[in-house]
Amino acid sequence: MLSVRRDICAYCGCCVSVCPQGALELIDAYLDVGSSCTSCGICAKACPLGALEVKDEGPL
Amino acid sequence: MKDHYDILVIGGGPGGAIAARTAAELGLSVCLAEKRAAIGTPVRCAEGIGTEAIAEFVVPDPRWISAELHGAKIVAPDGSSLTLSSEQSGNKVGYVLDRKVFDRELVWQAAAAGSDVVVKTRATAPILDEGRVRGAVLDFCGTTKRVSADVVIAADGVESKFARWCGIDTTVPLREIMSSAQYLLTDLPLDPHVTTFYVGTSIAPEGYLWVFPKGERSANVGIGISGRKSGTGHRAKDYLDSFIASRFPKAKQIEFIAGGVSVCRPLPCTVADGLMIVGDAARVVDPITGGGIFNAMFTGRMAVQVAAQAIASGTPSREALMPYDLTWRDSPMGKSIERNYRIKEVFITLSDEKLNAIIQTVGKLDLKEFSTFNLVKELIFRNPRLLLDLAPLRDIFK
């Protein structure tokens, strides 16, 4: 799943524009990850600061 | 805030502000809703704009001009440079703005003209009626209000959501987002009237790094790199930090911002029933420079001019709003986006050696008109072999 490093995120919205699912939304100083996120990792690559990370959910 | 407006503008940047001001001036009822708690902050912009471009919308005022530009310099990967000037324009080619003050001024003007303005008010959904946009649900600190409007103008910037909620795909391809970061630095040596652009794969892959002066000893020092070149250990901030450490080791930091700039083609269609999309939300950014202030103001004004006619004639349907889409595409701005998009697509393929060679053979240029198109035309004129590399653009530069 996608995890947001809130200590790194600068709330710039770069990730929002590249999300093919429209799952991200910038709400003032808060990045919201919606349920349509597929953990594709495109946003994590585009982030200028490295604030986004797709984490392995591990064994169920 | 009323329950109904002729026009509801989502977003209080330059595109939204000019849209609201224009609507009020035309006698329409209009409300501008900004999701942030303050107009103009945080700025996500290098703040450069041409002198003529800005004068078309607002009388230049020293209160929001940080620097007057007399020329530009492009630095090749090997350090050789090309100096650009324009005697014809009196060597006054552009400004570096203070967007915090500038954006507020535009919204003040919209308010003074009669527009309602609300901040910390976020559109959370469109009001849809059989596929037609009829307004928006606005959220203010937990209070929800449905505001209906004949036309909604989506001016919600690079991170736009409104058009997408209305069913329009606004996704920017990863390779066409400029992943960006910028410091406002002080105590660095610079020419206060010259912008400098650094190019090269090791400096800013598929993008550029900029130094835009903001006074005698301060500058916006920033970078944009292609999203596909970005990743762990080699992100925009990594490239920028290493450049600053080597060039301006003694500079002090006043501000740091990040951002995304789209350099894709504009949205295939910027209207729908009851909806118009302007500025960065419409992806009308210059694909070479990344500049978007003028384009946002230009589309913001034009959208409202068309909306006013559509509202007067009855139904602001997609057809009735379509002249906006057709007119901006056919304008010098629309044509220059298309031309610069094609030029950009070729220039990002040029190797560092090629860039070195081009810049070395020229050194100095006086441009009649200070534009990317004229620059490339001059480069070809002085370096005819360049046409081989630019073969796909032959029809443009014939």
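The single residue among B:188, B:267 that is of a type outside the set (Val, Ile, Thr), under 30 Å from residue B:133 (Cβ atoms) and in contact with a strand residue (DSSP E or B) (Cβ under 9 Å, 6 or more places away or on another chain) turns out to be B:267. Given the criterion modelled with pLDDT of 95 or more and more than 14 Å from chain A (Cβ to nearest Cβ), identify the matching residue among B:76, B:123, B:163, B:154. Just one listed residue meets the conditions, B:76. Scan region A:42-60 residue by residue and report those that are free of Cβ contacts under 8 Å to residues at least 24 places away in the same chain and out of contact with any Ser or Thr (no Cβ under 7 Å at 6 or more places or on another chain). Matches in region A:42-60: A:56, A:58, A:59, A:60.
Taking the options B:270, B:201, B:196, B:186, name whichever one is in contact (Cβ under 8 Å) with a residue 40 or more places away in the chain, crowded, with 24+ Cβ neighbours inside 10 Å and either away from chain A (no Cβ under 14 Å) or among the charged types (D, E, K, R) (or both). If you could, list the steps in order and put the result at the bottom.
Details: B:201 fails: crowded, with 24+ Cβ neighbours inside 10 Å; B:196 fails: crowded, with 24+ Cβ neighbours inside 10 Å; B:186 fails: crowded, with 24+ Cβ neighbours inside 10 Å.
Residue meeting the stated conditions: B:270.
Considering region A:27-51, the residues that are modelled with pLDDT under 95 and facing another protein chain (nearest Cβ under 7 Å) include one that is surrounded by the most Cβ atoms within 10 Å (Cβ to Cβ), namely A:27. Scanning region B:292-336 for residues that are more than 17 Å from residue B:271 (Cβ to Cβ) and buried (at least 22 other Cβ atoms within 10 Å of the Cβ) gives B:292, B:293, B:297. When residue B:216 is tested against the conditions (1) over 29 Å from residue A:40 (Cβ atoms); (2) in contact with a Leu (Cβ under 6 Å, 6 or more places away or on another chain); (3) without any contact (Cβ under 8 Å) to a residue 60 or more places away in the chain, the lone failure is (2).
Quick one: would you say residue B:113 is away from chain A (no Cβ under 11 Å) and either under 18 Å from the mean Cα position of the chain (by Cα) or of a type in the set (Gly, Ala, Ser) (or both)? Spelling it out, residue B:113 is indeed away from chain A (no Cβ under 11 Å) and either under 18 Å from the mean Cα position of the chain (by Cα) or of a type in the set (Gly, Ala, Ser) (or both). Taking region B:204-220 as the range and being within 13 Å of residue B:180 (Cα to Cα) and away from chain A (no Cβ under 14 Å) as the test, the residues that pass are B:208, B:210, B:220.
Scanning region B:226-246 for residues that are among the small types (Gly, Ala, Ser), in a helix (DSSP H, G or I) and closer than 16 Å to residue A:43 by Cβ gives B:227, B:236.
Condition first: more than 9 Å from chain B (Cβ to nearest Cβ) and either loosely packed, with under 15 Cβ neighbours inside 10 Å or part of a helix (DSSP H, G or I) (or both). Now tell me which residues in region A:1-20 satisfy that. Steps first, please.
Residues of region A:1-20 that are more than 9 Å from chain B (Cβ to nearest Cβ), as a first pass: A:1-8.
Result: A:1, A:3, A:5, A:6, A:7, A:8.
For residue A:55, the requirement of being facing chain B (nearest Cβ under 9 Å) and either hydroxyl-bearing (Ser, Thr, Tyr) or open to solvent by 40 Å² or more (accessible area, probe 1.4 Å) (or both) is not met.
Filtered by the rule that a residue be aliphatic (A, V, I, L, M), in contact (Cβ under 8 Å) with a residue 60 or more places away in the chain and more than 21 Å from residue B:204 (Cβ to Cβ), region B:348-398 gives B:365, B:367. The condition (being crowded, with 17+ Cβ neighbours inside 10 Å, under 16 Å from residue B:220 (Cα atoms), touching an Asp or Glu at 6+ places or on another chain (Cβ under 6 Å) and of a type outside the set (Phe, Trp, Tyr)) is satisfied by just one residue among B:43, B:96: B:96. When residue B:277 is tested against (1) closer than 24 Å to residue B:96 by Cα; (2) touching a Ser or Thr at 6+ places or on another chain (Cβ under 9 Å); (3) buried (at least 24 other Cβ atoms within 10 Å of the Cβ), only condition (1) is not met. Could you check region B:115-148 and list, in sequence order, the residues that are part of a loop (DSSP other than H, G, I, E, B), touching a residue at least 40 places away in the same chain (Cβ under 8 Å) and open to solvent by 50 Å² or more (accessible area, probe 1.4 Å)? Matches in region B:115-148: B:119, B:120, B:131. Residues that are out of contact with any Leu (no Cβ under 7 Å at 6 or more places or on another chain), closer than 23 Å to residue B:43 by Cα and touching a residue at least 12 places away in the same chain (Cβ under 8 Å) were ranked within region B:223-238; the one that is nearest to the other protein chains (Cβ to nearest Cβ) is B:236.
The values are calculated or read from the model by the stated rules, or taken from the named source; none is laboratory data. Here the structure is a predicted model, which means the values were calculated and not measured. Neighbour counts are summed over all protein chains in view; Cβ atoms, including those assigned to glycine, are modelled from backbone coordinates with ideal geometry. Accessible surface is based on the protein model in full, side chains and every heavy atom, while ligands, DNA and RNA are left aside. Shrake-Rupley method; radii C 1.70, N 1.55, O 1.52, S 1.80 Å.
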